[in-house]
Structure formats: structure tokens, C-alpha cells
Amino acid sequence: MGAVIILQVTGFKNCGKTTVIEKWTRLLQARQLQVAVIKHHGHGGPLSMPSPETDSMRLLAAGAVNSMAVGDGMVQMHMRGEPALEELVMLAGLAKPDVVLIEGYKDATYPKAVLVRTKEEWLRLRHSSNIRLVLAYEDAGADFGEEMTVLDVGDDDRINQWMLDYIEGDR
């Protein structure tokens with residue numbers, strides 16, 4: 001396939017970003033493509049963590065800046081700090097994915113699919129860089145312009161076909 005394909009999925013809280021990424025991950029995996037996902041935790045508060053009694057969490061609590069547990073074909077990593085998105089993409093690259101899907105990070109410049117529920121949301125998101133696709137809810141009521149590819153968020157067949165075209169190079 002060549003170079004790793006990167007696509008962001010952005011939009012406001014609870015608009016369906018994770019659902020779209022989950023569907024695309026299943027679609028691409030069914031075509032034997034490896035998918036890595038980077039999700040921005042934008043809901044506030046800390047991430048859920050494993051039990052503090054696990055060895056990796058005990059080591060993190062002891063002051064390690066990074067603690068990794070490795071076994072049975074899996075790596076679990078906990079790291080202090082929040083690397084830049086570009087560093088997270090490099091980290092995701094360790095899994096040798098064909099596609100990296102990024103949830104969130106509205107201000108980043110990677111190609112984007114934007115979910116829009118209302119005209120007001122579109123007015124706030126339309127200036128995002130590198131928009132390739134708008135997934136609009138039926139009641140969005142926004143003028144997206146003729147140059148924009150806009151699909152109904154509920155049209156899974158067309159959305160999946162768009163993704164397949166996108167990864168095949170029709171970007």
C-alpha cells in the first residue's frame with residue numbers, strides 16, 4: 001500500500017466521532033489493513049487507569065515517567081506528560097499500521113472528516129484546515145458549499161465507500 005494514510009475525525013462532543021472510527025476500523029480490518037487509532041480524551045478529568053496494584057502502575061507511582069507492560073503479543077504503556085500529536089503518530093507507527101485514524105485535535109492539519117449536527121457547529125468548524133469530508137446530520141441546515149464532499153451521517157454505505165476510495169488514493 002505504501003505510506004501510512006492519516007485521517008482525523010473531528011467534531012464536537014458526542015457527535016459520533018468514535019462510532020465512525022469504530023466502523024471504519026472494522027471496515028479496513030476486514031480488508032486486511034492494519035489500523036491505529038489516536039483518541040484525544042476531551043471529556044475532562046484523568047483517563048481511567050488500571051488497578052494501582054499492578055506492577056506497571058506501582059512502577060509509575062514510584063516515579064517512573066513511563067511504564068510498559070509487555071506480554072502475549074500486547075504492549076500496555078502509561079506515560080506522564082502529553083506528547084504532541086506528531087509524536088503520538090510516530091508512536092502509533094510502531095505498530096506498523098496502514099492507516100492512522102485520529103479522533104479530535106481540531107486544530108491539527110492532517111486531512112479531516114468533520115461531523116456536523118447544526119449550522120452553528122459548521123460555522124465554528126468550517127475554517128478547519130484540510131477538510132476532505134463532512135458527515136452531516138439531517139437537521140444540520142448548513143450551506144456547505146459545492147466544493148465540499150458532504151454525506152449524511154447515517155448513510156453507512158456511502159461513507160464506507162468514501163473511506164475505501166480515500167485509502168486507495170482518491171484523496
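The values are calculated or read from the model by the stated rules, or taken from the named source; none is laboratory data. Since we're looking at a predicted model, the values are computed, not measured. Quick reminder, even Gly has a Cβ in these numbers, built from the backbone with ideal geometry, and neighbours come from all protein chains shown. In case anyone asks, the SASA skips ligands and DNA or RNA and just uses the protein heavy atoms, side chains included. Shrake-Rupley method; radii C 1.70, N 1.55, O 1.52, S 1.80 Å.
Data overview
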read-out	value
Segment 83-119-segment 4-40 distance, computed between alpha-carbon centres (Å)	9
Nearest-10 value in Å² for the accessible area of Lys106, using the 1.4 Å probe	70
Helical contribution to [θ] at 222 nm, DSSP H n ≥ 4, -39,500 (n - 2.57), averaged over the chain, rounded to 500	-8000 deg cm²/dmol
Hydrodynamic radius by Kirkwood, which averages 1/r over all alpha carbon pairs of the chain, in angstrom	17.7
Cα point-scatterer Debye curve for segment 84-148, base-10 log of I(q)/I(0) at q = 0.21, 0.22, 0.24, 0.28 Å⁻¹	-0.86, -0.91, -1.02, -1.26
Antiparallel bridge percentage (DSSP; both residues within the chain; nearest 5)	20
Whole-number accessible area per residue in Å² for the chain, which is evaluated in the context of all protein chains at 1.4 Å	61
Computed FRET value (nearest 0.05) for His127 with Lys39, which takes r as the C-beta separation and R₀ as 25 Å	0.60
Linear extension gain, Gln32 paired with Asp72, 0.36 nm per residue minus alpha-carbon span	12.3 nm
Additional length obtainable on full extension of the chain from Asp157 to Lys96, 0.36 nm per residue less Cα span	19.2 nm
Phi-based couplings in Hz for segment 61-67 (Karplus 6.51, -1.76, 1.60; Gly and Pro marked x)	5, 6, x, 4, 7, 8, 9
Whole-percent carbon and sulfur share, accessible surface of the chain, 1.4 Å	51
